[in-house]
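Scroll down for the structure; my scribbles are underneath it.
The values are calculated or read from the model by the stated rules, or taken from the named source; none is laboratory data. Just so we're clear, the structure is a prediction, and the values are computed from it rather than from any experiment. Here the Cβ is made from the backbone with ideal geometry for all residues, glycine too, and neighbour counts use every protein chain on show.
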There are 2 protein chains.
Amino acid sequence: MKKLINNPEDFVRETVEGIIAAHPESLKLVDNNFRCVVRSDEKKENKVAIATAGGSGHLPTFLGYVGYGLADGVTVGNVFASPSAEAMYEVDKAIDNGAGILHLYGNYGGDKMNFGMTEDLISMDSIEVEEVLVTDDVASAPKGEEDRRRGVAGLFFAYKIAGAAAEKMYSLKDVKAVTQRAVDNIRTMGVALTPCIVPEAGKATFSIADNEMELGMGIHGEPGIMRCELKNVDEVVQYIMDRIIKDMPYVNGDEISILVNGLGSTPKEELYIAYRKASAILKDQGIKIYRNYIGEYATSLEMAGMSISLLKLDDELKGLLDQPAYSPFFQQYK
Amino acid sequence: MKKLINNPEDFVRETVEGIIAAHPESLKLVDNNFRCVVRSDEKKENKVAIATAGGSGHLPTFLGYVGYGLADGVTVGNVFASPSAEAMYEVDKAIDNGAGILHLYGNYGGDKMNFGMTEDLISMDSIEVEEVLVTDDVASAPKGEEDRRRGVAGLFFAYKIAGAAAEKMYSLKDVKAVTQRAVDNIRTMGVALTPCIVPEAGKATFSIADNEMELGMGIHGEPGIMRCELKNVDEVVQYIMDRIIKDMPYVNGDEISILVNGLGSTPKEELYIAYRKASAILKDQGIKIYRNYIGEYATSLEMAGMSISLLKLDDELKGLLDQPAYSPFFQQYK
């Protein structure tokens, strides 16, 4: 376990303390509880509030997407583990602006159960709550069973769209509708080259041979769809793009946003080599890249690998994607 | 060699092609040569131009700091190797705005030699050239021998200051003077936990035991000042901060900017745990953090580890640090 940490049990608390110490102008705790992080800028009356939650170890996901034009608050779990409903409830109460709350999170059992309990709690306070689950990982369930698919790097697009709609003062019903439409149009697939080590566990999340990769692996090391010999990145990207494009499907003339996401230790250089191939494939198919994002957006600690996400756009989604958004971990001013 | 690449010999070209494909609004090649990357926005007459250069494998360094309020052009070498004087000369000619050029780069033998030859070439074109070498790595030579120190993550601060001064239409003499003053006030020290693998070489840059770390190691795997058992990050940060603070030295009331930089595979979570300790140490010593930067600013491919840099500020440096700057790899709008 070669990590720059102190006591593994303090990993999450110390991470959040470091983030709050670094960015007090952007983020603050609720009641001094490091599980509950919310925006520290001025609240906007009657703006729909966006709440998210999830396990730690994925920065910038989830905490990094609390900011202007993104989410309003996050509940922070242990590494790869859902936080409690009690803490989610505290975040909800802190971020409510009187226009209702959208629970926006990845489709995982623990988060689903805890957000379900939170909905029961918060509805007793007469605060309206809706939810959208992100289900972008095409490798995690076949087409037609999208409600079984996991949420992975496409979460970023969901925060971007929901947050922009909320800042534009959409109603809760409309924020939910446009966010759900975005989710329905996001497809992601990843490839893992190495496991990562959960600090408290101290051992690798899975084992993989030195000459192997696993296509479709989840961001917690969930099994993928194929383990095979490590191939050239152009072949890997071709495989992933074929799966994503077929799953949607796309037609000539479609416009998309693409996210090439590093899982942790894969250098930016390699992400750009992957982008080079992905953009050539899209061009060949007559699919236009409207906006690209390349970097680390949803990681698995120090896992090596990457994922590619596409968001199919329409005019409304383009407008929302173009809205400014900023947090300590993400800036888009134009 | 577990990397998402194609032929290792194509690594640098394909990386640059991916970057240009992704960011044509910001970056372009000179004469279709992937070694020569310059800003693609409109040139500003009589603005001092900032040229840099260095080996690949360090993104966002060096190419990532070509942008508004940063450098105007970069010459791209092979991984960890200096590019040629001929290519540097092409970049110089492309970025010249009629007010002279500052060569701003890290203090390495190859870059020094090649920039020296470039100065001879460009001066024959009657273009005025000055240079500032970044020498921030306190571990690479003792105090009093600063001109032997290597340039590492503190390069970021040098680009930020020089680029802001140039945008504010400082003269070449004044851009050089304020950039040199910034460099004289930057101190960096790093720690490496793992080596990285240069694609063309296919083997690790050095070997280190599973329970060891190396303090003061350079960003190309140059030997550090102490190899020892891996310690808690709080102890590592204490050691680094003690060295940096003593080297400057700082006094109660000083204001600084701090950069906690990940070398490649160290998760953002760990960088924030390091920031937590570093900020506490500075507070204890009465040194005020004026602005912080936390993330990957100068990497060594997939090396695990981090560095801490401090820039001691005065009013002019604060003003320049606060100026907007943006590139595809770095955004600071406020």
Looking at the range A:21-28, is at least one residue within 30 Å of B:GLU235 (Cβ to Cβ), assigned to a strand (DSSP E or B) and touching a residue at least 12 places away in the same chain (Cβ under 8 Å)?
yes
Within the range A:68-95, residues being in a loop (DSSP other than H, G, I, E, B) and in contact with a helix residue (DSSP H, G or I) (Cβ under 8 Å, 6 or more places away or on another chain) number 7
Here, strands (runs of 3 or more DSSP E) confined to the range B:236-334 with at least 1 residues that are touching a Leu at 6+ places or on another chain (Cβ under 6 Å) and of a type in the set (Ser, Thr, Tyr) are B:255-262, B:288-295, B:305-312, B:325-327
So, first residue without any contact (Cβ under 8 Å) to a residue 12 or more places away in the chain and in the same structural domain as B:ILE256 (by the TED database) in the range B:268-295, second residue of a type in the set (S, T, N, Q) and crowded, with 23+ Cβ neighbours inside 10 Å, Cβ within less than 6 Å, six or more apart or across chains; the pairs are B:GLU269/A:THR15
Over the range B:308-334, the set of residues within 14 Å of chain A (Cβ to nearest Cβ) and not charged (D, E, K, R) is B:ILE308, B:PRO324, B:ALA325, B:TYR326, B:SER327, B:PRO328, B:PHE329, B:PHE330, B:GLN331, B:GLN332, B:TYR333
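Quick grid of which residues meet (1) within 29 Å of A:ASP10 (Cα to Cα); (2) away from chain B (no Cβ under 14 Å); (3) of a type in the set (S, T, N, Q):
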{"site": "A:VAL91", "(1), (2), (3)": "yes, yes, no"}
{"site": "A:GLY110", "(1), (2), (3)": "yes, yes, no"}
{"site": "A:MET113", "(1), (2), (3)": "yes, yes, no"}
{"site": "A:ASP120", "(1), (2), (3)": "no, yes, no"}
{"site": "A:MET124", "(1), (2), (3)": "no, yes, no"}
{"site": "A:ALA153", "(1), (2), (3)": "yes, yes, no"}
{"site": "A:THR194", "(1), (2), (3)": "yes, no, yes"}
{"site": "A:ILE197", "(1), (2), (3)": "yes, no, no"}
Considering residues that are in a helix (DSSP H, G or I), free of Cβ contacts under 8 Å to residues at least 60 places away in the same chain, of a type outside the set (D, E, K, R) and surrounded by fewer than 24 Cβ atoms within 10 Å (Cβ to Cβ), the number found within the range A:141-178 is 1
Counted residues in the range B:179-221 being part of a loop (DSSP other than H, G, I, E, B) and of a type in the set (Asp, Glu) come to 2
Of the residues in the range A:40-59, those that are surrounded by fewer than 23 Cβ atoms within 10 Å (Cβ to Cβ) and either in contact with a Lys or Arg (Cβ under 6 Å, 6 or more places away or on another chain) or touching a residue at least 12 places away in the same chain (Cβ under 8 Å) (or both) number 7
Considering the range A:246-273, residues that are hydrophobic (A, V, I, L, M, F, W, C) and more than 24 Å from A:LEU317 (Cβ to Cβ), and then whichever is surrounded by the most Cβ atoms within 10 Å (Cβ to Cβ), we arrive at A:ILE273
Taking the range A:31-67 and keeping residues of a type in the set (A, V, I, L, M, F, W, C), away from chain B (no Cβ under 14 Å) and outside any strand (DSSP E or B) leaves A:VAL48
Of (1) at pLDDT below 95; (2) within 20 Å of the chain's Cα centre (by Cα), B:VAL251 satisfies every one except (2)
Taking the range A:7-19 and keeping residues buried (at least 19 other Cβ atoms within 10 Å of the Cβ) and either of a type in the set (Ser, Thr, Tyr) or without any contact (Cβ under 8 Å) to a residue 40 or more places away in the chain (or both) leaves A:GLU14, A:THR15, A:GLU17, A:GLY18
Looking across the range B:274-301 at residues that are over 19 Å from B:ASP242 (Cα atoms) and crowded, with 24+ Cβ neighbours inside 10 Å, the single one that is nearest to the other protein chains (Cβ to nearest Cβ) is B:LEU301
Matching residues in the range A:164-208 (at pLDDT below 95 and either farther than 22 Å from B:PRO267 by Cβ or among the acidic types (Asp, Glu) (or both)) number 1
Of the residues in the range B:302-334, those that are of a type in the set (D, E, K, R), under 29 Å from A:ILE294 (Cβ atoms) and surrounded by 17 or more Cβ atoms within 10 Å (Cβ to Cβ) come to B:GLU302
Out of (1) in contact with a strand residue (DSSP E or B) (Cβ under 8 Å, 6 or more places away or on another chain); (2) assigned to a loop (DSSP other than H, G, I, E, B); (3) within 8 Å of chain A (Cβ to nearest Cβ), the one B:GLU17 does not meet is (2)
